[in-house]
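First up is the structure itself, then whatever we jot down about it.
The values are calculated or read from the model by the stated rules, or taken from the named source; none is laboratory data. Please read all numbers here as calculations on a predicted model, not as lab measurements. As a convention, Cβ positions derive from the backbone with ideal geometry for all residues, glycine included, and neighbour counts pool all protein chains shown. Please note that ligands, DNA and RNA were not included when accessible areas were found on the heavy atoms of the full protein model with its side chains. Shrake-Rupley method; radii C 1.70, N 1.55, O 1.52, S 1.80 Å.
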Amino acid sequence: MKKDFYEILGISKNATAEEIKKAYRKKAIEFHPDKNPGNKEAEEKFKEAAEAYEVLSDANKKAKYDQYGHQAFDGGGFGGGQHMNMDDIFSQFGDIFGGAFGGGGFSGFGGGGGQRRVKGSNLRIKVKLTLEEIANGVEKKVKVKRKVQAKGVTYRTCPTCNGSGQIMKIANTILGRMQTATTCHTCSGSGQILDQKPVGADAQGMLLEDDTVSIKIPAGVVDGMQLKVANKGNEAPGSNSIPGDLIVAIEEIEHEFLKREGENLHYDLYISFAEAALGVSKEIDTVSGKVRIKLEEGIQSGKILRLKGKGVPSINAYGNGDLLVHVNVWTPKTLNKEQKQFFEKMLSDENFIPRPEKSDKSFFEKVKDMFS
């Protein structure tokens, strides 16, 4: 079972953005590979801290994590960073180390003389889903325009930074000589510059192309949730670069008859006086198709029928919610002469005089039961 992100960084849920950043920097420096050469346990803790920071430093991801936990990112191959490697970490968060490790790199990943891996920018799209697709999970194929390296493009080592992607500067301060690292202005931190540019490519050797991406969306997602498809964003220039990610925002299409409340669904069923008095069999909509339910004789308006497991699956795999059927007895607004005479006769009929029993709960009791 994955550790709690707040526990990993040693902070509370009320921590500010600055406190989150400070806690991550402390953990990252403690378990940095340069300080723990060959220590696999330290390397794993270093990655855990980076994964926790990736989620908690993003206000939107943090909100989803606080509401749904790890399941907000683990479903269907998406993640809040669980597939991160050392390249990802230093390409995204290298600047957080300041000058502690020569600008954030170690071994061959930056500041130590090797080429720095640059990550392409993320792409964002919105995917609209029906309630049925949300309830059952779905695979969507979407077309996106993404930057890719042109075929035949070649790159060579940047002469300004010798492939490190950074320029080291030494300054004299009251605390002594301090070494700082800045991103190389010639190669924008990639460590490489364009060598041969194919026809049609831009100044960085990139082309804008249409790509079809298959997205597996797990059951139980909610409106506004964001999922990540790794490496399906824009590519970056350079032979040592990695693509960005495709961020998928979920938009729920409102259902014609069913109203969603978390994992539970609500359905308003309208019946006539005659149907309420005599009892009736009715067909209603659910997310898995139509079902037939039987209403007993003398059913009262406001009665709530609970269909177990006919709601939406929990994103945390806790099972399905229920479908709550709200029975509404429809009162006719106009009556013909014969109908009016019938109801006038019934005004004093004992069977038509309201006599609620203890089992007939009040409106407030029904609301209380709904949310219990």
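Arg156 - would you say it is at pLDDT 90 or above, crowded, with 21+ Cβ neighbours inside 10 Å and either on the phi < 0 side of the Ramachandran plot or in contact with a helix residue (DSSP H, G or I) (Cβ under 8 Å, 6 or more places away or on another chain) (or both)? When the stated conditions are applied, Arg156 does not pass them. Of all the numbered requirements in (1) touching a residue at least 40 places away in the same chain (Cβ under 8 Å); (2) of a type in the set (A, V, I, L, M); (3) open to solvent by less than 70 Å² (accessible area, probe 1.4 Å), Met168 misses one, and that requirement is (3). Within segment 315-332, if we keep just the residues that are part of a loop (DSSP other than H, G, I, E, B) and modelled with pLDDT of 90 or more, the residue that is surrounded by the most Cβ atoms within 10 Å (Cβ to Cβ) turns out to be Gly321. What about Glu132, is it of a type in the set (Asp, Glu) and open to solvent by 70 Å² or more (accessible area, probe 1.4 Å)? For Glu132, the condition - of a type in the set (Asp, Glu) and open to solvent by 70 Å² or more (accessible area, probe 1.4 Å) - is not met.
Only a single item in (1) at positive phi; (2) within 36 Å of the chain's Cα centre (by Cα) is not met by Gly200, and it is number (2). Quick one: count up the residues across segment 284-295 that are at pLDDT below 95 and among the charged types (D, E, K, R). Qualifying residue count for the region: 2. Summed over segment 4-49, residues that are within 15 Å of Tyr65 (Cβ to Cβ) and among the acidic types (Asp, Glu) total 3.
In the list Gln196, Gln204, which residue meets the criterion of being touching a Pro at 6+ places or on another chain (Cβ under 7 Å), open to solvent by 80 Å² or more (accessible area, probe 1.4 Å) and not hydrophobic (A, V, I, L, M, F, W, C)? Unique residue meeting the criteria: Gln204.
Here Ala52, Ala72 are screened, and the one residue that is under 30 Å from Tyr318 (Cβ atoms), in a helix (DSSP H, G or I), modelled with pLDDT of 85 or more and among the small types (Gly, Ala, Ser) is Ala52. Screening Lys126, Lys140 for residues that are modelled with pLDDT of 85 or more, within 30 Å of Gly321 (Cβ to Cβ) and open to solvent by less than 60 Å² (accessible area, probe 1.4 Å) leaves exactly one candidate, Lys140.
Within segment 240-250, at least one residue is surrounded by 14 or more Cβ atoms within 10 Å (Cβ to Cβ) and over 25 Å from the mean Cα position of the chain (by Cα). Scanning segment 93-116 for residues that are open to solvent by 20 Å² or more (accessible area, probe 1.4 Å) and touching a strand residue (DSSP E or B) at 6+ places or on another chain (Cβ under 6 Å), we see that the one that is modelled with the lowest pLDDT is Gly111. Does Glu18 meet the test of being in contact with a Pro (Cβ under 8 Å, 6 or more places away or on another chain), part of a helix (DSSP H, G or I) and open to solvent by 20 Å² or more (accessible area, probe 1.4 Å)? In short, no. Condition (residue is touching a residue at least 12 places away in the same chain (Cβ under 8 Å), part of a loop (DSSP other than H, G, I, E, B) and farther than 30 Å from Asn136 by Cα) applied to segment 212-229: is it met by at least one residue? No: segment 212-229 contains no residue that is touching a residue at least 12 places away in the same chain (Cβ under 8 Å), part of a loop (DSSP other than H, G, I, E, B) and farther than 30 Å from Asn136 by Cα. In segment 263-308, what residues are surrounded by 13 or more Cβ atoms within 10 Å (Cβ to Cβ) and under 29 Å from the mean Cα position of the chain (by Cα)? Scanning segment 263-308 gives Glu263, Asn264, Leu265, His266, Tyr267, Asp285, Thr286, Val287, Ser288, Leu307.
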